[in-house]
Amino acid sequence: MPSFLFIPSFLYFWMHFLKIRIMKISYILILSVIFLFSCSGNQEIQETGNSIPPEVLKQVLEIATDYAKSQLKDSVKTMTRDGITWISDKQMMYEIDPARIYTGLIDEDLNEDAIITLAIFQGQNMKIPKHLIIIKSGNSLKLAKAIESQMRILLINNKKIIAEISSMAKDSPQSDCNLCKDTVDFQFNGVELFEIKK
């Protein structure tokens, strides 16, 4: 039998093979996109910690902006499309990210207070961040304390500020390892932030 009679079946095999491969690749791509979107959504929930009323959000961002401006000379304000504000001069930059705002009860009253963490850069180097404790007094929020610390705020719960701190020295090569971090409860007494011993 002439060999050209086998060409259609040969082509059919390769077409079928390629079709299956394309379907598998498409399936993997769709799953990857779904996975990426679901991860980004979870990250946003974890970082933001809670939903913040627009008026509270506005006041906290204004306080953070005023604070950053007060630390710099001839500062310039810029904003990115994702809502991050940068306050900078020739030496330093303060990053004000709404995702780093946490609200909850901090002092003795029943008014919701807030904390925002400001990332600070000197050139390309990241400095120790500042955590602004903002207390609600009457109808407005006021800056009560600015704390310089490497801690990462996790949430405010039952008048406790829960944060993650490294158990290693800042200049240690292991200072950022996950196993070298502790979760610590803090309280604010109106003047200082102190650790609650467990």
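We did not get these values from a lab; they are worked out from the coordinates using the rules stated. Since this is a predicted model, take the numbers as computed values, not measurements.
Could you pull out the pairs from Lys90/Lys127; Lys69/Lys142; Lys136/Lys197; Lys69/Lys130; Lys73/Lys127 whose alpha carbons sit more than 20 Å apart here? Result: Lys136/Lys197 exceed 20 Å.
In sequence order, region 134-143 has phi-based couplings of 10, 10, 7, 10, x, 9, 10, 9, 9, 5 Hz under the Karplus curve 6.51 cos²θ - 1.76 cosθ + 1.60, θ = phi - 60°, and Gly or Pro positions carry x. Around the amide H of Lys127, modelled in the peptide plane, lie the amide H atoms of Ile120, Phe121, Gln122, all under 5 Å away and 5 or more residues distant in sequence or on another chain.
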